[in-house]
Amino acid sequence: MDELSSLSIIPPLSKSKYLAGLQCSKRLYLEVHHPELATPPDLATQLVLKQGTEVGRHARCLFPGGVLIDEGPRQREEALARTASVMTDPSVSAVFEGAFQHDGVFVRADILQRDSGPDGNRRSWRLIEVKSSSRVKDIHLDDLAIQSVVLEGAGLLLSAVCLMHIDTNYVYEGGSVDWQKLFTIEDVTIAVANRRIEVPERLTTMKTLLQASVPPAVEPGRQCHSLSQCPFWNHCTKNKPDRWIYYLPGSKDIAERLAKQGISTIDDIPADVPLSPSQRRVKDNVEWISPGLKTALRSIRYPVHHVDFESVMLAVPRFPFTRPYQPIPVQWSNHIEEEPGRLRHQEFLHTEPTDPRKRWAETLIESLGQEGTICVYSSYEEAMMRQLMETFSEFRSAFQSILKRLCDLHQLIKEHYYHPQFNGSYSMKAVLPAIVPSLGYEDLAIQSGAQAAAKYYHMVFVETDWVERVTLQASLLQYCSRDTLALVELRRILQMKVEEHYGSKGT
Ligand code: SF4
């Protein structure tokens, strides 16, 4: 439904709409005229937004005496009036969430700090945008470019344009968080000035395209993932064939080149086009079992452990000797196959807002014991244990022994097996339905690691009543347990395939 029957009145552009327009003109058009076509943000995105709001609130601690313009998004006129009034008060040293409008664009500025101009008069302001990221990104410069154009257009004198972000080198030592060390402020005035030059022309183009009765004709491609995944991806790709050329794995250069030549599906790729081995497997589209799979499976020893970890990453660290965004392990699941067909399950979930790491490590080490291969499905488990070894010397020798027993089934499958339903992806979400169609995640309340992290954060760090807490605990345990049961089944089916293919037992 791309045709518009009538155009609604277009509200002022916001900075987020301007940034959407920089990513893709069609995205801007759909955000303004057809927001209902967007896929709602998933739990992981909601967690990022929640942490971003928390970070923004903490950032204000560094500007005592600042005044918050707390009028909501639907109180645009009131916010504009209050900002104008507050800024005329010379005793106000900083304004948070100030509202400004100029040339049909409305923005809220995170922090404006009153500054002394060259003449000593405190008439100029330092614009500071707060981000929960760990570095300055291109999109932040564009964000500040549109804001500074609007602010200066509205009559403000800006002495500097800055980005305030998290410093991941900060180590929290317990007690109160040192906000001065958690945040770093970078002056990006010059970098932003270069982008400001392009703002007026871009705004004119955006306003013109928004007057059209149909969205611009833009084919989905690289731009759809240039910021984060565009929320209109499902809408824009709903009519694409299952073997759309853009689904070819690896660099998108080749897919874009072939699309320009009129090749729309992977099956239409001419035989003489050079492809990588993984792209060739997707093109061939047949099941493939390497001769090495038998040997690889043979190296697995009983009792076989099948392990998965879940963790949470906090922008503002809460546990001593952790950094911002350091993954903190909170949960593990272990399905242990003592001998072929004899399975038992152990698990751990930390449910309190206290440091989970020691108890997590102690219980895991006990569950893994001294014997047998430990199957995982990523390099993440190894990285997590190495991180804990560095922090807690008492676990070093146990984890060193455990690391020698790891077998990464993700790597093993990548090297030795391919199924047409993988569509070039070796993620668990692609591999499991192809190899073990009877075992999925559709019946679970939590269906991905990112969702698990978001739910965990909500359960432990956000107020929840006990009924909600119990429900969340059950969902988290179910999800992690399903992940490790999936490993058991993956290994079992691969073993069967080897036996069928090569006619002898692999283990
Ligand atoms: S999915 Fe891609 S093509 Fe469609 S609106 Fe988003 S960025 Fe544009």
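The values are calculated or read from the model by the stated rules, or taken from the named source; none is laboratory data. None of the values given here were measured: they were computed from a predicted structure. Every residue, glycine among them, receives a Cβ derived from its backbone with ideal geometry; neighbour counts consider all protein chains shown. The accessibility values were calculated without ligands, DNA or RNA, using every heavy atom of the protein model including side chains. Shrake-Rupley method; radii C 1.70, N 1.55, O 1.52, S 1.80 Å.
For region 150-184, give me each residue that is of a type outside the set (Asp, Glu) and over 30 Å from Arg318 (Cα atoms).
Hits for region 150-184 are Val150, Leu151, Gly153, Ala154, Gly155, Leu156, Leu157, Leu158, Ser159, Ala160, Val161.
For region 204-225, what are the residues that are more than 8 Å from the ligand (Cβ to nearest atom), part of a loop (DSSP other than H, G, I, E, B) and open to solvent by 50 Å² or more (accessible area, probe 1.4 Å)?
Gln211, Ser213, Val214, Ala217
Take Glu201 and decide whether it is more than 16 Å from the ligand (Cβ to nearest atom), among the acidic types (Asp, Glu) and under 21 Å from Ser148 (Cα atoms).
Taking the combined requirement at face value, the residue satisfies it.
Residue under question is Asn239, and the condition is that it be open to solvent by 50 Å² or more (accessible area, probe 1.4 Å) and near the ligand (Cβ under 9 Å from one of its atoms); does it hold?
For Asn239, the condition - open to solvent by 50 Å² or more (accessible area, probe 1.4 Å) and near the ligand (Cβ under 9 Å from one of its atoms) - is not met.
Do we have Met313 as within 22 Å of the chain's Cα centre (by Cα) and open to solvent by less than 40 Å² (accessible area, probe 1.4 Å) here?
no
Report yes if Pro353 is in a loop (DSSP other than H, G, I, E, B) and open to solvent by less than 20 Å² (accessible area, probe 1.4 Å), otherwise no.
no
Which one is surrounded by the fewest Cβ atoms within 10 Å (Cβ to Cβ) among residues in region 384-407 that are free of Cβ contacts under 8 Å to residues at least 40 places away in the same chain, hydrophobic (A, V, I, L, M, F, W, C) and in a helix (DSSP H, G or I)?
The residue in question is Leu403.
Just name the residue that is farthest from Arg281 (Cα to Cα) out of those in region 242-265 that are open to solvent by less than 40 Å² (accessible area, probe 1.4 Å) and out of contact with any Asp or Glu (no Cβ under 9 Å at 6 or more places or on another chain).
Restricting to residues being open to solvent by less than 40 Å² (accessible area, probe 1.4 Å) and out of contact with any Asp or Glu (no Cβ under 9 Å at 6 or more places or on another chain), the top hit is Ile263.
Is it true that Arg108 is more than 30 Å from Phe319 (Cβ to Cβ) and crowded, with 17+ Cβ neighbours inside 10 Å?
Criteria met by Arg108.
In the set Arg298, Arg243, Arg281, which member is of a type outside the set (S, T, N, Q) and in contact with a Gly (Cβ under 7 Å, 6 or more places away or on another chain)?
Arg298
Do you know which residues across region 24-64 are away from the ligand (no atom under 16 Å from the Cβ), in a loop (DSSP other than H, G, I, E, B) and open to solvent by less than 60 Å² (accessible area, probe 1.4 Å)?
Result: Phe63, single match.
Can you tell me how many residues within region 446-488 are closer than 25 Å to Glu54 by Cβ, acidic (Asp, Glu) and either in contact (Cβ under 8 Å) with a residue 60 or more places away in the chain or in a helix (DSSP H, G or I) (or both)?
Adding up the residues that qualify gives 1.
Only one residue in His416, His410 is in contact (Cβ under 8 Å) with a residue 60 or more places away in the chain, of a type outside the set (Ser, Thr, Tyr) and not assigned by TED's automatic domain parsing to the domain that holds Gly250, so which one is that?
After applying the criteria, what remains is His416.
Taking region 266-289, which residues are open to solvent by 40 Å² or more (accessible area, probe 1.4 Å), among the hydrophobic types (A, V, I, L, M, F, W, C) and touching a residue at least 12 places away in the same chain (Cβ under 8 Å)?
Once the filter is applied, which keeps residues that are open to solvent by 40 Å² or more (accessible area, probe 1.4 Å), among the hydrophobic types (A, V, I, L, M, F, W, C) and touching a residue at least 12 places away in the same chain (Cβ under 8 Å), region 266-289 yields Val286, Trp288.
In region 163-184, which residues are surrounded by fewer than 17 Cβ atoms within 10 Å (Cβ to Cβ) and either part of a strand (DSSP E or B) or basic (Lys, Arg) (or both)?
Scanning region 163-184 gives a single hit, Lys181.
Take region 88-115 and flag every residue that is more than 34 Å from the chain's Cα centre (by Cα) and free of Cβ contacts under 8 Å to residues at least 40 places away in the same chain.
Thr88, Asp89, Pro90, Ser91, Val92, Ser93, Arg114
Listed residues Gly440, Gly424; which is on the phi > 0 side of the Ramachandran plot and in the same structural domain as Phe461 (by TED's automatic domain parsing)?
It is Gly424.
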